[in-house]
Amino acid sequence: MSSPKNLIGYLGGIGRALSAPNYRRYWYGHVFSANGVWIYLISSQWLAFHLTQSPAWLGAVGFSYLAPLFVLGPLAGAVADRCGHRRTAIIALSLGILFAILTAAAILAQVMTPLLLVFLTIVQGSFMSFDFPARQAVIPQLIERANLSAAIGMNTTTFHTAGFVGPVIGAALLSWGNDIFGEPGGAALSYLATAFAFSMMVYGLTRVKIIAPLPMKDRSGSLVNLILEDIRAGLGYVLSNSQLRLIMMLSIAVAICLRSYQNLMAGLADSVFGLDEQGLGSLLAASGIGALTVALFFSIRGKTEGLTRIFVLGAAVTALALLVLVSNTHLTMALVSLAVAGGALVGASLGAQTLIQHMVLDEYRARVISVAVAISVGGPAFGTLFIGWVAEMTGFRWALAGAAVAVLIVLLMTGWRLLSAAPEMEAEQT
């Protein structure tokens, strides 16, 4: 029978991260919370279409959840850095729990309307925009720096796994609730499940111990002025750090030009490959399998060395895989290309996220993470809009090929500089 130490050795970074009781308490809550986000998303989408039968309203509800993450990112990061990462996350999650319950109550009271749903979704997205960077910034305060890469990889792997499991749970709750209570009772049940999932994250955050507390900030003066100054200081910190600038520049190109392919897959499946809904599902599954595989590899790998190379090569391989995807009409080649693209894209994203967490000073951590979140959320939204507009004139093949080539051009400008700075970026911080 294997000892716990041997098991930790077999699991690599996963074992090292979960061997720390402090991080383990956090991760248990994260498992619930990650699935809760996906349950919330699928329930909101189902409810929007149930109320309106309109694709436009469906898109409006989806945008309502993501838009606050993009708009409020810098403010949320500044608040978290000033008021405390754990405290900000707990307050934001608690308010999210309250509004998930209120949404369920509105459904059960039969007063839910499309406009009310959009409003509640915007509010929920606003709370999540404060929770996400704050909760990410807590991680380095819970675990030894040597295991930080493993912990971040573990978090991302959990979220990608929830991307498969959460929608299944959400769909089951919708179906069961509708059967028991009648439509749209299943949506109310799903929102209550979301509230429960978020409450488990709150419980986890209250149980952890901060092993590397940050020094108290100066609180003299108007809070509004202090927050505005913190925002300016955070943006100034990013712009003044040449290595962070390079990471953000390449991340913007990846978010706008490469991440957008996932949002355009329906049109690509129909117009390029002549596939129906089942075929679309196969394409998305191939991309998801690649993404989950690489995320799991990162969790087991659990080290900072080589992350810059993974970031740069991940962006390059994703661009090349998309060029292969749009250059043929063979389904097998498309599935392989998408699996490679999905995995390489996660590798690039995880490389950037972990490098940022490794490099950034603690006092700026949430603000820098919030900028990265704004890029990862806002980039695909704007990229989908622009690439879709180009596709109207040239077709999906040329539009996606152009986006992939644009990333390769950005890589020519930034890639060699990032690789040359790798030893400094990946060096252990003192």
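The values are calculated or read from the model by the stated rules, or taken from the named source; none is laboratory data. These figures come from a predicted structure and were not determined experimentally. Note that we place each Cβ from the backbone using ideal geometry, even for glycine, and neighbour counts take in every protein chain shown. What goes into the accessible areas is simple: the full protein's heavy atoms, side chains included, and nothing from ligands, DNA or RNA. Shrake-Rupley method; radii C 1.70, N 1.55, O 1.52, S 1.80 Å.
Equivalent ellipsoid of the range 320-410: semi-axes from √(5λ) of the C-alpha gyration tensor, largest first, are 30, 17, 10 Å. Size of the dipole of the range 285-430 about the Cα centre, Lys and Arg at +1 and Asp and Glu at -1 on the beta carbon, nothing else charged, in debye to 20? Charge dipole, the range 285-430, about its Cα centre: 240 debye, nearest 20. Based on Cα atoms of the chain, Rg over Rh with Rh as the Kirkwood radius reads 0.96.
Taking 0.36 nm per residue of separation and subtracting the Cα-Cα distance, full extension of the segment from residue 54 to residue 293 would add 82.5 nm. Can you give the Kirkwood hydrodynamic radius of the range 49-166 from its Cα pairs, in Å with one decimal? Result for the range 49-166 stands at 15.9 Å. Between the alpha-carbon centres of the range 61-81 and the range 117-179 there is a gap of 15 Å.
Every pair of different Cα atoms in the range 220-374 enters the Kirkwood calculation, which places the hydrodynamic radius at 17.1 Å.
Between residue 122 and residue 165, the modelled labels are 3.4 nm apart [label points 7 Å from Cα along Cα→Cβ].
The GluC sites (Glu not before Pro) of the range 346-430 that meet both conditions, a loop assignment by DSSP and at most 14 other Cβ atoms within 10 Å of the site Cβ, are 428. When the solvent-accessible area of the chain is split by element, carbon and sulfur atoms take up 69 percent of it, the probe being 1.4 Å.
So what J values fall out for the range 242-253 if you push phi through Karplus, 6.51 cos²θ - 1.76 cosθ + 1.60 with θ = phi - 60°, rounded to Hz, Gly and Pro as x? So the Karplus estimates, Gly and Pro as x, are 4, 5, 5, 4, 5, 4, 5, 4, 5, 5, 4, 4 Hz. Suppose R0 equals 25 Å; then what is the FRET efficiency for residue 115 and residue 393 from their Cβ-Cβ distance, rounded to the nearest 0.05? Taking R0 as 25 Å, the efficiency between residue 115 and residue 393 is 0.15. Rolling a 1.4 Å probe over the protein heavy atoms leaves residue 50 with an accessible area of roughly 60 Å². Evaluated with a Cβ-only charge set (Lys, Arg +1; Asp, Glu -1), the chain carries a dipole of roughly 1080 debye about its Cα centre, given to the nearest 20.
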